[in-house]
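A short write-up of the structure that comes next.
The values are calculated or read from the model by the stated rules, or taken from the named source; none is laboratory data. The model shown is predicted, which means the values in this text are computed figures rather than measured ones. Glycine also receives a Cβ, built like all others from the backbone with ideal geometry; neighbour counts cover every protein chain displayed. Each accessible area value is taken on the protein alone, full model and side chains, heavy atoms only, with ligands, DNA and RNA left out. Shrake-Rupley method; radii C 1.70, N 1.55, O 1.52, S 1.80 Å.
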Amino acid sequence: MKITPQELAHVAAAEAPRFDMYSGIHKALRACMADTLLAVGRMDPADEQELSQVSERVLQLLGMCGGHLSHENEFVHAAIEARAPGASDRIGHEHEEHVQHIAQLAERVALLRGTAPEHRHAAALQLYQALGLFIADNFQHMHVEETAHNAVLWARYTDAELVALHDALVAAIPPLEMMAVVRWLVPFMNPMERFHLLADMRAKAPRAAFEAIVEAVRPHLATQEWAKLARALELPPQW
């Protein structure tokens with residue numbers, strides 16, 4: 001099924017903002033991807049500790065991407081196909097390609113780690129270039145999801161249905177994976193998005209889980225950002 005220009009226009013024409021399950025996680029992915037690429041680009045391959053730390057960050061990014069693909073396939077694509085058969089075909093095929101690229105990048109990390117010190121600069125450059133292409137492809141991919149896929153979802157689901165779908169997706173994410181995601185999710189949202197996300201988490205998650213998330217993201221917020229968030233959430237002074 002092709003997504004029509006009319007459906008795409010629906011995204012821009014909506015008078016009131018619709019529930020967007022892509023926006024937040026995609027900000028997190030873009031931030032993590034960009035930060036990791038910069039780290040690889042400035043890495044000293046001759047420094048064993050730095051090589052270990054940065055290559056581990058690449059593997060963590062790849063794990064985050066793999067988990068995201070899996071969750072989208074299971075929940076979002078299933079919802080699209082249920083009411084618009086064929087509408088997720090293009091992105092679904094790209095997901096298959098991304099799985100292959102993730103495996104190839106993991107192999108490049110292993111190759112870099114096993115390369116003799118005198119040859120590491122070349123291997124590091126190859127990893128940097130390959131990661132850059134993967135990220136460029138993902139940026140375009142996410143734009144299609146945020147426009148074309150949202151057009152399909154918004155035309156066929158109510159916001160209440162989309163919130164329920166999103167809640168089910170989030171509930172399926174293991175705690176350790178969730179903590180890795182929120183580290184990039186919360187700091188790179190704007191203040192309003194940050195408030196609504198954490199207010200929703202406080203309402204739906206156990207108190208201990210909410211407090212752990214706040215403590216995990218606080219070091220990554222600027223002083224002014226934290227002050228705005230604490231004030232909006234009416235957090236107690238001891239925070």
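May I ask you to give the percent of accessible area on region 115-239 that is carbon plus sulfur, with a probe radius of 1.4 Å? Carbon and sulfur: 63 percent of the exposed surface of region 115-239.
Once every DSSP H run of n ≥ 4 in the chain is given -39500 (n - 2.57) and the sum is divided by its residues, what mean residue ellipticity at 222 nm do you get, rounded to the nearest 500 deg cm²/dmol? If you can, show how the numbers build up before the last one.
Numbers: 12 runs with 177 residues, N = 239.
Rounded to the nearest 500, the figure is -24000 deg cm²/dmol.
About the Cα centre of region 69-157, what is the dipole size in debye to 20, counting +1 per Lys and Arg Cβ and -1 per Asp and Glu Cβ, all else neutral?
On the way: 6 positive and 12 negative charges, 38 e Å.
Dipole about the Cα centre, nearest 20: 180 debye.
Each residue of region 216-223 is assigned a 3J(HN,Hα), and the resulting list reads 6, 8, 4, x, 9, 9, 5, 3 Hz, derived from the Karplus form 6.51 cos²θ - 1.76 cosθ + 1.60 (θ = phi - 60°), x at Gly and Pro. Across the chain, the relative contact order, built from alpha-carbon pairs under 8 Å that are at least six residues apart, equals 31 percent.
Please get the size of the charge dipole for the chain, origin at its Cα centre, with Cβ charges of +1 on Lys and Arg and -1 on Asp and Glu, quoted in debye to the nearest 20. It would help to have the intermediate numbers written out before the result.
Working: 20 positive and 31 negative charges, 96 e Å.
Its charge dipole is roughly 460 debye.
Taking a sphere under 10 Å around the Cβ of LEU51 and counting the other residues whose Cβ falls inside, with K and R at +1 and D and E at -1, yields a net charge of -3.
How big is Rg to Rh over the chain, alpha-carbon atoms, Rh as the Kirkwood inverse-mean-distance radius? Intermediate results must be reported in sequence, preceding the final value.
Values: Rg = 19.6 Å, Rh = 19.6 Å.
That ratio equals 1.00.
Label-to-label distance, GLU161 versus GLN60, with points set 7 angstrom from Cα along the beta-carbon direction: 3.8 nm. Take the Cα of HIS119, step 7 Å toward its Cβ, do the same at ALA106, and the gap between the two points is 2.3 nm. Working from Cα pairs under 8 Å separated by at least six residues, relative contact order for region 51-158 is 33 percent. Once you reduce region 115-194 and region 70-88 to the center of their Cα atoms, the two points are 17 Å from each other. In sequence order, region 187-196 has phi-based couplings of x, 9, 8, 7, x, 5, 4, 4, 4, 4 Hz under the Karplus curve 6.51 cos²θ - 1.76 cosθ + 1.60, θ = phi - 60°, and Gly or Pro positions carry x.
State the answer as a single residue: which of PRO175, VAL54, ALA124 lies farthest towards the positive end of the charge dipole of the chain, with beta carbon charges of +1 for Lys and Arg and -1 for Asp and Glu, about the Cα centre. Positive-most Cα among the choices belongs to PRO175. For region 153-161, putting each phi into the Karplus relation 6.51 cos²θ - 1.76 cosθ + 1.60 with θ = phi - 60° gives couplings of 5, 5, 6, 10, 10, 7, 4, 4, 5 Hz, in residue order, rounded to whole numbers and with x for Gly and Pro. Note that the chain presents 53 Å² accessible area per residue, ligands and nucleic acids not counted, probe 1.4 Å. Taking the Cβ of VAL40 as the center, what net charge do the other residues with Cβ under 14 Å away carry, scoring Lys and Arg +1 and Asp and Glu -1? In short, 0. Towards the positive end of the charge dipole of region 108-168, with charges on Cβ (+1 Lys, Arg; -1 Asp, Glu), say which of HIS143, VAL163, LEU153 has the farthest Cα. It is HIS143. Subtracting the Cα-Cα distance of ALA168 and GLU215 from 0.36 nm times their residue separation leaves 14.5 nm of extension gain. Each other residue within a Cβ distance under 15 Å of THR115 adds +1 if Lys or Arg and -1 if Asp or Glu, for a net charge of -3.
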